[in-house]
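See below for the structure under consideration.
The values are calculated or read from the model by the stated rules, or taken from the named source; none is laboratory data. Predicted, not measured: the structure shown is a model, and the values here were computed from it. Note that we place each Cβ from the backbone using ideal geometry, even for glycine, and neighbour counts take in every protein chain shown.
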Amino acid sequence: MHAPFNVAFNTRMRYFEWLEKEENVFRLRRFGKAMTGTGGWEVPGSVIGGFPWLELSPRSVVVDVGGGIGSTSMLLANAFPQLRFVIQDRPPVVEMGVTAWRARHPEMLENGRAVFQAHDFFKPQPPYPAELDAEKTIPPPDSEGLNVKGKDVPAVFLLRVITHDWPDSYVTRILLRLRQTAGPSTRLLLADYVLPLACVDEDEDVEPEPTESDEDLGKKVTREPLPGTVRTLAPEGSPLLPNLGKANANAYWLDLTMRVMFNAQERTLRELAALTLSAGWKIVQVTRAPGSLFGHIIAVPVDIPPENLALPTMDEPEPDLESSAQGTFEYAEMDVRNPPMGHTFLTRVDLPSEDTIRQGVAVSKAVMASNQRGRKRKGRERAYTFTGHREGSGKDSKGGSEMKKGWRSIVRMLSKPHLGGDTHGNGNPKGDKPGEAR
């Protein structure tokens, strides 16, 4: 996965391995700070409403894959005390996470509700750490929480802003490793940007399955829309692009950043669906707060495609970390130098603030109340989808109504005279007299 980053810093090491070099310790800490800051991409508490956490059995295990210092897990652990959490990441990050949790919530580490585990997610999932509580604080699970060997299987694999760091072949390998460990009731939760299309998203016409009937020859059928599909973000009749143009530029800038740093990308919903399906996961729900491109995508285990039953090979051989530690390879003669970054973006790694945690707990209680009301409404989903409606209702929800108000505000703003063309005095276009038509 050789990327422009490797040329700029004259190294064959992957970015995260390069961060762990002794001379880059400040960059590693700064990266942890930046990952905490990515919480600003989401509506506060959206991860709580992005998955039906209350439907999980007590003592269910949530594996936070590539979870960093556990910022998301800490929020969820405070909101849902009946769950257990395993936070996996590379060894240096795990050390920082343990230190941070001991300062904020040492009791969760002591009673085994949350544990850190050093793990490479390209390798098979390891057994749970011995420190993970099995009996002391949480009631035992029902039989659905056990696999055939009588051991706990993860209830949820949580990957927050992970897939956009890797090319497709690497993501497939990560997801296949999780699929190998998953039980029938295990769910995959991806939290990441979902890029909208710059054109109207039309249903695809596909060739039908072969049949013996001559009447079906040459006919095409419309593929079933993906859950969470939205045809356009712009209101009907608006001059805006379907993806709202520059209003959503941040997601596309991030896409360019991923390509430069990792040879990776942000993905559309169709790309995510195809990628997860290649590893034995099928997307069944997409939850997104109105006005946000950051989505929570739920997938369930399905059969792994026969061609991927054997783990796919990477695009390139694994680098020799020992020989590449000095950062020398075929580009060495280019005299590429590391820019003097310095301690410019803070070096402290942060967990969610107490205010954020309290807000998260409050949101979880609101979600509980909303879910209880939602169960009484037949045929309606509890989570808002891309369109701002509750799927299956056929009518606007409160969230959809608020979204429409937002669109109307945009349209009103665009209809103001000073945005309609050149202005001359008092904001009147082209100097027309008051009340005179243009």
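Of note:
- Enumeration of residues in segment 279-292 that are closer than 14 Å to residue 192 by Cα and buried (at least 23 other Cβ atoms within 10 Å of the Cβ): 286, 287, 288
- Residue list for segment 290-308, restricted to those being assigned to a loop (DSSP other than H, G, I, E, B) and within 19 Å of residue 245 (Cα to Cα): 290, 291, 292, 293
- Test: residue in segment 32-46 that is in contact with a Phe, Trp or Tyr (Cβ under 7 Å, 6 or more places away or on another chain), more than 20 Å from residue 90 (Cβ to Cβ), at pLDDT 90 or above and of a type outside the set (Gly, Ala, Ser): no
- Residue within segment 90-111 that is among the polar types (S, T, N, Q), surrounded by fewer than 14 Cβ atoms within 10 Å (Cβ to Cβ) and modelled with pLDDT under 90 present: no
- Whichever residue in segment 152-169 is within 15 Å of residue 266 (Cβ to Cβ) and assigned to a helix (DSSP H, G or I) and, among such residues, is farthest from the chain's Cα centre (by Cα): 168
- When 288, 267, 337 are checked against the criterion of being of a type outside the set (Asp, Glu), at pLDDT 85 or above and within 25 Å of residue 14 (Cα to Cα), 267 stands alone in meeting it.
- Any hit, segment 261-268, residues being under 23 Å from residue 202 (Cα atoms), aliphatic (A, V, I, L, M) and in contact (Cβ under 8 Å) with a residue 12 or more places away in the chain: no
- Complete set of residues in segment 43-60 that are surrounded by fewer than 20 Cβ atoms within 10 Å (Cβ to Cβ) and in contact with a strand residue (DSSP E or B) (Cβ under 9 Å, 6 or more places away or on another chain): 43, 52
- Residue match in segment 62-70 (condition: modelled with pLDDT under 95, buried (at least 20 other Cβ atoms within 10 Å of the Cβ) and among the hydrophobic types (A, V, I, L, M, F, W, C)): yes
- Only one of 210, 239 that is loosely packed, with under 15 Cβ neighbours inside 10 Å, modelled with pLDDT of 85 or more and assigned to a loop (DSSP other than H, G, I, E, B): 239
- Scanning segment 242-257 for residues that are hydrophobic (A, V, I, L, M, F, W, C) and either more than 30 Å from residue 13 (Cα to Cα) or modelled with pLDDT under 90 (or both) yields 244, 247, 249, 251, 253, 254.
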